[in-house]
Amino acid sequence: MPAVSKGDGMRGLAVFISDIRNCKSKEAEVKRINKELANIRSKFKGDKALDGYSKKKYVCKLLFIFLLGHDIDFGHMEAVNLLSSNKYTEKQIGYLFISVLVNSNSDLIRLINNAIRNDLASRNPTFMNLALHCIANVGSREMAEAFVSDIPRILVAGETMDSVKQSAALCLLRLNRTSPDLVPMGEWTARVVHLLNDQHLGVVTAATSLITTLAQKSPEDFKTSVVLAVARLSRIVTSAAIDLQDYTYYFVAAPWLSVKLLRLLQCYPPPEDAALRSRLTECLETILNKVQEPPKSKKVQHSNAKNAVLFEAIALIIHHDSEPNLLVRACNQLGQFLQHRETNLRYLALESMCLLASSEFSHEAVKTHIETVINALKTERDVSVRQRAVDLLYAMCDRSNSKQIVAEMLSYLETADYSIREEIVLKVAILAEKYAVDYTWYVDTILNLIRIAGDYVSEEVWYRVIQIVINRDDVQGYAAKTVFEALQAPACHENLVKVGGYILGEFGNLIAGDPRSSPLVQFNLLHSKFHLCSVPTRALLLSAYIKFINLFPEVKGTIQDVLRSDSQLRNADVELQQRAVEYLRLSCIASTDILATVLEEMPPFPERESSILAKLKKKKGSSKLPDLDDVRRSVNGSTDHAENTEATETVSAHSFTDKLNLNSTPSSGPSLLVDVFSDVSSPAATDMSEEHFPRFVCKNNGVIYENQLLQIGLKSEYRQNLGRMYVFYGNKTSTQFLSFSSAVTSSDILKTQLTVHAKTVDPMIEGGAQVQQILNIECLSDFSDAPVLSIQFRYGGTLQNIAVKLPVMLNKFFQPTEMTSQDFFQRWKQLGAPRQEVQKIFKAQHQMDSDVAKAKLLGFGVALLDGVDPNPANFVGAGIVHSKTTQVGCLLRLEPNTQAQMYRLTLRTSKDSVSQRLCELLSDQF
Amino acid sequence: MLRFLLLFSRQGKLRLQKWFTPLSDREKKKVIRDMMMLVLPRLPRTCNFLHWKDLKIVYKRYASLYFCAGLEDQDNELLALEVLHRYVELLDKYFGNVCELDIIFNFEKAYFILDEFLMGGEILETSRFAVGVSMEEADTLQETMEEYMSKPAY
């Protein structure tokens, strides 16, 4: 036992801790703890009143037990009693216990708040500090509500001791972080700014932290702090160390304060006032100069503190991004650090340079260090440094050096640590796409990626290469040839088989002229991989085979034999079996023309942001502490899943496109037509069909209507207040439809809110054929009704009338909005009027799966905001509904309660009818 | 701003945990586990910084104890390293050449000393002198108070 005589040793506690340490096993420890708990419990319950010392000792033991990881369910009351003790150490232990263990909904919170209030009013600085610490440590909303008005008062009051001012400033900062909406702005703000002039550097440091946080919230209110901060900074950097006495840390003048002032200045643009600006520039130059001076101490603390200030100064220079001279000097300084013997400095230099690379003034200067960075990638012993080097290469990449950088990253990938491979793969894929001048290089790069690190190539990467190949005629032949060659390798990665299957299925004909890659050779090559692949890949290969039948009639017999084999037709996997059966049947009964239509080459994909980039962003940023890995699955995994389960009646050929998760692919027919072969007969047409309507709230594409004669499919896309809907009418019979017409009608009210313009359609639809109609939609103001699509045609002499409610809903005009949690709460509060909020509590109609719910909310059109809601199970979203006349901001919160199988949905928008309608629409989805 | 500060031994025993943002117990356990998994296997003389989720991790080993802090994205790593060092200095000053056992047996003091110079994850007092003084004051205060209180009341 150490001999600490400081303060008051609690012998009983030391003995207990010693006992626990001597326990040989977990069981023994638990036994000893239970014995102690029983003892304490009996002491607390006993008739004899405990003196303060014993109470303190027992509370401290409980705390120790809790910190060991055991549950504590009593003793809170005794701890609260300690708060009102007049003995400092008892009070201190009481506060510690409360800070660590208090449960914010505890009944004791009122008693605790009372004790805190007494201490705050005590005028005893030590007690006041304890109370402020407790508020900051607990930091709950309840505490914020109770004390948020007192603390600013204490902070700016003239008679408050310096140490209390410091605590009050940071306590307020802490409350502002958790409950920014509660912290009132007011006349005290001006006085807080003046604390920057305070004599006491500790007060200035604490105040600077507080002001920095508040200035992020409302920069206008704290604009005057810039002048004071520059003045203060200037005094520090030019001061001789002696002025600052005990605020000098290893010969560096007030490093903490300097860094905080530099941080505060990063909340603002460069000062406009020329004198102020030059004073600041002078400071920054002085800081840069000081680094060149010989060190005043050999201690690492000295260089750390000095360089901490330097890096913060560089961060400010980068933030201002306006002084080319300083930017280049910063870059040169970092360049020196790249070769420094301190690993920490090399790491930080790589990190800061990433930021410099994005400035137009310093981008070129950063590029001059490319060899050093590549060398770091090869020689650094520490993986975290190598990772920064990868980041920097990625950031400094442009057209001029992209080939070199991509090549280096590829070669590094062969030996890279497993933990960072996936990220490197994404980065290489993005760079290759972004800087591809000729796409053959792009295709080669991606195939190399798959060869080197196939396991780390996520779906987004190979989806993307296919999108690009399909969209660019000039590279299709090359791609077919290259994948064909790559597939020759005796062992190739399954991802390569996927890409190969897809590309040869589409463009195999482009290389079929060469006898070395004749249709049969291509097919045999693909099929030789078939048995080694997983089910999804096999499914894709089957689709490639049916495409082959269309491309190369000469191999039809061979492929049919394969499809007919028991291992396909009776495959245990239902998806494979269904594909085999359907494809075989299709190849047997469909005419060449129908085959050609069904299996037409995929149409180009619409241009949009690379999903890889989205993935990289997701990998990097977002998400607070809880499991990031779970989030990753969501978008691509579960939306597919949700769609697949809903659309069981659509066919498997569909998943060829579905897999790519491209909702807005213009349809090429197959999905609508393969049902020719199904015998499903649906009930006769009703007056107005709206049964599928709710399904379209969270998605834009699918089948809206179907009977024995006709199938109507929709694809739609929306941008701001405009939308376009493609309606596909598929004739399921073998006879023509005559006098076909379709029109859109709206109620009188709806006409003033929404215009739908329908292009005319061909009056005749051949048997088995499909026609398309385009609807142009404009949202004029918010609406709640839906337009109706009326269809008329003659089939075998009888007139058919069909009316379908068109799924054009208000939420289609959503634009997702990302925002920080601070903004969110601020706006949430602004939309607090009773009618702006609509809330609904309802029973879950589907299984409560968080990924599915997430996909639905994204489909609904809002941006999901991670980390805003303290409960990670809840969803928080934001978006703007666009109409011609107005834009309505919308915030929503969905709270699942899995135990009760209930949801609570809350919507706040600036317009009550919008809140109402959105709530109706969304609440039906869960 | 610091999000958390953990002290753990080479054997993976947690000696001190301080959280500056509210987290559920489950989340805390996960952070603790992840930190030990990240930091303990690292070789000596590698760099003291890591990225973990959206946080920067700064750690340093002092004798048998690892001091490990989670920082927000914009925080200054080098200075955080000095925050850790400053804490060690304060412990040293208070216990006189601090060792792991001091922190085990006087865990409450270790928390109090931390509270003296960090609050809400921000540095409260950077002057070594001032922090020392207030700890001393607290100790004397406690004595005088206790003496005062134990005086018989007439």
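Details
- Taking every Cα-Cα distance in the range A:397-487 and sorting them into 5 Å bins from zero, the calculated P(r) comes out as 2, 15, 27, 24, 20, 9, 2, 0 percent.
- Using just its DSSP H runs of length 4 or more, each adding -39500 (n - 2.57), chain A gives a mean residue ellipticity at 222 nm of -16500 deg cm²/dmol after division by all residues.
- Calculated P(r) tail over 43 Å for chain A, as whole % of Cα pairs: 52 percent
- Interchain or long-range residues, amide H under 5 Å from residue A:705's placed H: A:712
- With Cα atoms, 0 to 90° folded angle of helix A:459-471 axis to chain A main axis: 50 degrees
- A DSSP coil position with no more than 14 other Cβ atoms inside 10 Å describes the following trypsin sites (Lys or Arg not before Pro) in the range A:303-371: A:341.
- The range A:91-143 and the range A:360-422: distance between their alpha carbon centers, rounded to Å: 51 Å
- The range A:827-887 and the range A:286-357: distance between their alpha carbon centers, rounded to Å: 44 Å
- For the range B:1-112, dividing the convex hull volume of the Cα atoms by the residue count gives 106 Å³ per residue.
- Chain lengthening between residue A:43 and residue A:830 when straightened (0.36 nm per residue, less Cα-Cα): 278.1 nm
- Phi to ³J(HN,Hα) by Karplus 6.51 cos²θ - 1.76 cosθ + 1.60 over the range A:365-379, Hz, x for Gly, Pro: 4, 5, 4, 5, 8, 4, 5, 4, 5, 4, 5, 4, 4, 8, 10
- Restraint check, A:217/B:93; A:699/A:732; A:48/B:109; A:378/B:53, Cα-Cα greater than 32 Å: A:217/B:93
- Applying 1/(1 + (r/R0)^6) with R0 = 22 Å to the Cβ-Cβ distance of residue A:840 and residue A:691 gives a FRET efficiency near 0.45.
- When you filter the trypsin sites (Lys or Arg not before Pro) in the range A:170-227 for DSSP loop state and at most 14 other Cβ atoms inside 10 Å of their Cβ, you are left with A:223.
- Across the range A:690-704, coupling constants 3J(HN,Hα) worked out from phi with the 6.51/-1.76/1.60 Karplus curve, θ = phi - 60°, read 9, 5, 8, 3, x, 4, 8, 4, 9, 8, 10, 10, x, 8, 9 Hz, and Gly and Pro carry x.
- Diagonalising the gyration tensor over the Cα atoms of the range A:811-924 and scaling each eigenvalue by 5 before taking the square root yields semi-axes of 21, 15, 14 Å, largest first.
- Whichever aspartates and glutamates have a C-alpha closer than 13 Å to that of residue A:911, once near sequence neighbours (fewer than 8 apart) are set aside: A:782, A:837
- Going from the residue with the fewest nearby Cβ atoms within 10 Å to the one with the most, A:272, A:312, A:837 rank A:272, A:837, A:312.
- Remark: the range A:519-527, residue by residue, has Karplus-estimated 3J(HN,Hα) of x, 5, 4, 4, 5, 4, 4, 4, 5 Hz, where x stands for each Gly or Pro and the curve is 6.51 cos²θ - 1.76 cosθ + 1.60 at θ = phi - 60°.
- Amide H contacts under 5 Å for residue A:688, placed H, 5+ residues apart: none
- Charge-dipole axis of chain A as Lys and Arg at +1 and Asp and Glu at -1 on Cβ define it, positive-most pick from A:599, A:846, A:200: A:200
- Angle in degrees between helix A:343-357 and the longest Cα principal axis of chain A, rounded to the nearest 10: 60 degrees
- With a 10 Å cut-off around each Cβ of A:131-142, the average count of Cβ atoms from other chains is 3.
- For residue A:297 and residue A:332, the FRET efficiency from 1/(1 + (r/R0)^6), where r spans their Cβ atoms and R0 equals 30 Å, is about 0.75.
- Rounded to the nearest 20, the size of the Cβ-charge dipole of chain A about its Cα centre is 3160 debye, with Lys and Arg at +1 and Asp and Glu at -1.
- Degrees separating the helix A:611-620 axis from the principal Cα axis of chain A, which is the longest one: 20 degrees
- Magnitude of the charge dipole, the range A:693-808, Cβ model with Lys/Arg +1 and Asp/Glu -1, debye to 20: 180 debye
- The length gained by stretching the chain between residue A:560 and residue A:884 to full extension, at 0.36 nm per residue less their Cα-Cα distance, is 111.1 nm.
- Reach of residue B:18 by Cα under 16 Å, taken over aspartates and glutamates that are not fewer than 8 positions away in the same chain: B:27, B:34, B:72, B:108, B:115, B:116, B:122
- Per-residue average of Cβ from other chains inside 10 Å of B:20-26: 5
- In this simple spin-label approximation, residue A:820 and residue A:897 carry label points 7 Å from Cα along the Cα→Cβ vector, and these lie 3.4 nm apart.
- Farthest toward the positive end of the dipole of the range A:321-396, out of A:394, A:344, A:369, is the Cα of A:344, where the dipole comes from beta carbon charges about the Cα centre.
- Built amide H within the under 5 Å cut-off of residue B:51, gap 5+: B:57
- Net charge dipole, the range A:811-924: roughly 400 debye, given to the nearest 20, about the Cα centre with Cβ charges of +1 for Lys and Arg and -1 for Asp and Glu.
Each value in this text was obtained by applying a stated rule to the coordinates, not by laboratory testing. Computed from a predicted structure; not experimentally measured. Cβ sites come from the backbone with ideal geometry, for glycine too, and all protein chains shown count toward neighbours.
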